[in-house]
1. Could you give every pair whose Cβ atoms fall below 7 Å, whose first residue belongs to the range 89-101 and is of a type outside the set (Asp, Glu), and whose second residue is part of a helix (DSSP H, G or I), counting only separations of at least 6 or pairs across chains?
2. Would you be able to say whether some residue in the range 74-83 is of a type in the set (Ser, Thr, Tyr) and at pLDDT below 95?
3. Please enumerate the residues belonging to the range 47-57 that are touching a residue at least 12 places away in the same chain (Cβ under 8 Å) and touching a strand residue (DSSP E or B) at 6+ places or on another chain (Cβ under 9 Å).
4. From the list Gly149, Gly120, Gly124, which one is surrounded by fewer than 21 Cβ atoms within 10 Å (Cβ to Cβ), touching a strand residue (DSSP E or B) at 6+ places or on another chain (Cβ under 9 Å) and over 17 Å from Cys82 (Cα atoms)?
5. If you scan the range 50-75, which residues turn out to be in a loop (DSSP other than H, G, I, E, B), open to solvent by less than 40 Å² (accessible area, probe 1.4 Å) and in contact with a helix residue (DSSP H, G or I) (Cβ under 8 Å, 6 or more places away or on another chain)?
Amino acid sequence: MPSQTEPETEFARVPDGFERLWTPHRMAYIQSDKPEHDDDNACPFCAAQPKDDAEALIVHRGTTCFVIMNLFPYNPGHLLVCPNRHVASYIELTDDETLEFTELTKQAVRALTDASAPHGFNLGMNQGAVAGAGVAAHLHQHVVPRWGGDANFLPIIAQTKALPALLEDTRERLAAAWPCP
């Protein structure tokens, strides 16, 4: 029996001014099993630390924390601020780690501003897999530069994000622009 579609006028709803673009294909990602990265050996942030900065895409190293490029960036220059220690939660940081974590976030914003003049930033962290953390076992804060018009239909329609700069080139620009404390 062919499926029938109800007319839009018969839906129970309150108009809110938004158009809806349904993306049911995202359920496959939402419901999929994701690696836990529970131990230091499987964690990409722990694995990056002993490597050369350029190879690991590390932009800056502090005493207790470091800044690394996101391998799957939302925008060019998308950085992650991470503690050196493999801890999952913000409340597990020591006072010294918390201070440096915050200072490196501020420095990341300064470096991105100097290197690429974004119009704004998204700053944030997802605590736990259910909150959207891709690597839930190792705390990290996102620093995402934003420009007017940087979002378009490609991620939704074509499952593609257009990034006009290579990670390596962006890492070099940011490392060179990193503010000296």
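The values are calculated or read from the model by the stated rules, or taken from the named source; none is laboratory data. Everything numeric here is computed off the predicted structure, so don't read it as measured data. Don't worry about glycine lacking a Cβ; one is built from the backbone with ideal geometry, like all the others, and counts go over all protein chains shown. Calculation scope for accessible area: heavy atoms of the full protein, side chains included, ligands and nucleic acids excluded. Shrake-Rupley method; radii C 1.70, N 1.55, O 1.52, S 1.80 Å.
1. Listed by first residue and then by second, the contacts come to Leu93/Phe101.
2. Within the range 74-83, the first condition is being of a type in the set (Ser, Thr, Tyr), and the residues that meet it are 74.
Subsequent filtering for residues that are at pLDDT below 95 retains 74.
Yes, that holds for at least one residue.
3. Initially, the range 47-57 is screened for residues touching a residue at least 12 places away in the same chain (Cβ under 8 Å), giving 48-49, 53-54, 56-57.
Hits for the range 47-57 are Ala48, Gln49, Asp53, Ala56, Leu57.
4. Values: Gly149 fails: touching a strand residue (DSSP E or B) at 6+ places or on another chain (Cβ under 9 Å); Gly124 fails: over 17 Å from Cys82 (Cα atoms).
The unique qualifying residue is Gly120.
5. Going through the range 50-75, the residues in a loop (DSSP other than H, G, I, E, B) turn out to be 50-52, 57, 62-64, 70-75.
If we keep only those that are open to solvent by less than 40 Å² (accessible area, probe 1.4 Å) too, we end up with 57, 62, 64, 70, 73, 75.
If the condition is that a residue be in a loop (DSSP other than H, G, I, E, B), open to solvent by less than 40 Å² (accessible area, probe 1.4 Å) and in contact with a helix residue (DSSP H, G or I) (Cβ under 8 Å, 6 or more places away or on another chain), then Leu57, Gly62, Thr64, Pro73 are the ones that fit.
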